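**Q** Have a look at this one before I ask anything.
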Amino acid sequence: MKSYKPTTKTTRARTSIEFAKLLSGHFPHKALTFGRKRDVGRNGQGRITMRHRGGGHKKLFRDVDFSFNKKDIPAKISSIEYDPMRSAFIGLAAYRDGEKRYVILPKAVKVGDTFIVSATAPIKPANRLPLGSIPVGTFVFNIELKPGAGGVLVRSAGNFAEVVAHDAGYTHLKLPSTEIRAVISTAWASIGEVSNDEHRLVNLGKAGRSRWMGIRPTVRGTAMNPVDHPHGGGEGKQGRGSRRQKTMWGKPAGKGQKTRRPKKYSNIHILSRRKVGKK
């Protein structure tokens, strides 16, 4: 981590990642980058569905491959790059047939290392194979829920899931949230832990740095009026007035309350619920 001399109040606590030591210094591959209009939390009707988003620095979108549909063709990592859209580092994979794709990188992978997507691939970082072929105790990331649909689980910096069992065509995974979930064994996953594990240690240091990242201010519910939030109102600083903490729309939130729908389709695949506050 990089710290700064306290020449101002905001640099006293500020920390950042030393990208020069971790990245290869290559510019983005132009054929795999393009601009796009950010939705800044709006839906198709223009209404805000995700609060506290907007503004921020312009970003160049990188087309990252999550499907890994090039099987049994070796690929070499030709660069390690920063992606403004995610916390993990990405690498430009040059396949032996000449095609290039961006992929999320695991820890300890360097420029020049190779990987392969194959059902018979060896168990080494960055290789990708079906969950049923991965031994118990192995760390995996970029995990599919449906075979061939692409990786959707465990993709952010420093995260990993652990294979804890194989049973009746399903693989049991312990996820970063401590939840244990059964995933069909024909789904694919990559070996290793996601890169940039120091991301969790970054201290922004000032509110302006959040604005650069496109994060807008958050107002406490207790500071609002009753018409705006269930916690609002009262003379001076008051308690929320209800036993349960609620969202702006009156739904239970935080403090260990269960927010999952009782009849969600995937409930049958959850073998052990996540333990709140014990990550």
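The values are calculated or read from the model by the stated rules, or taken from the named source; none is laboratory data. The structure presented is a predicted model; accordingly, all values stated were derived computationally and were not measured. Counting neighbours? That spans all protein chains shown, and the Cβs are built from the backbone with ideal geometry, glycine included.
**Q** If you take the residues in the stretch 71-100 that are in contact with a helix residue (DSSP H, G or I) (Cβ under 8 Å, 6 or more places away or on another chain) and among the aromatic types (Phe, Trp, Tyr), which one is nearest to His26 (Cα to Cα)?
**A** Across the stretch 71-100, the extreme among qualifying residues is Tyr82.
**Q** Residue check, Thr7 against (1) in contact (Cβ under 8 Å) with a residue 12 or more places away in the chain; (2) more than 20 Å from Val140 (Cα to Cα); (3) surrounded by fewer than 15 Cβ atoms within 10 Å (Cβ to Cβ), all met but one. Which one?
**A** Evaluating Thr7 over (1) in contact (Cβ under 8 Å) with a residue 12 or more places away in the chain; (2) more than 20 Å from Val140 (Cα to Cα); (3) surrounded by fewer than 15 Cβ atoms within 10 Å (Cβ to Cβ) leaves (1) as the failure.
**Q** Here's a follow-up. For the stretch 247-266, which positions are part of a loop (DSSP other than H, G, I, E, B) and aromatic (Phe, Trp, Tyr)?
**A** Trp249
**Q** Check whether at least one residue in the stretch 38-46 is at pLDDT below 95 and touching a helix residue (DSSP H, G or I) at 6+ places or on another chain (Cβ under 6 Å), and report yes or no.
**A** No.
**Q** Which of the residues belonging to the stretch 19-76 are among the aliphatic types (A, V, I, L, M), under 23 Å from Trp212 (Cα atoms) and either exposed (fewer than 13 other Cβ atoms within 10 Å of the Cβ) or without any contact (Cβ under 8 Å) to a residue 12 or more places away in the chain (or both)?
**A** Ala20, Ile48, Met50
Condition check ((1) modelled with pLDDT under 95; (2) in a loop (DSSP other than H, G, I, E, B)) across all residues:
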site: Gly132; (1), (2): yes, no
site: Val140; (1), (2): no, no
site: Gly148; (1), (2): yes, yes
site: Leu173; (1), (2): no, no
site: Thr178; (1), (2): yes, yes
site: Val183; (1), (2): no, no
site: Ser190; (1), (2): no, no
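**Q** While we're looking at this one, here's another question. Would you check if there is a residue in the stretch 138-154 being farther than 29 Å from Lys59 by Cα and hydroxyl-bearing (Ser, Thr, Tyr)?
**A** yes
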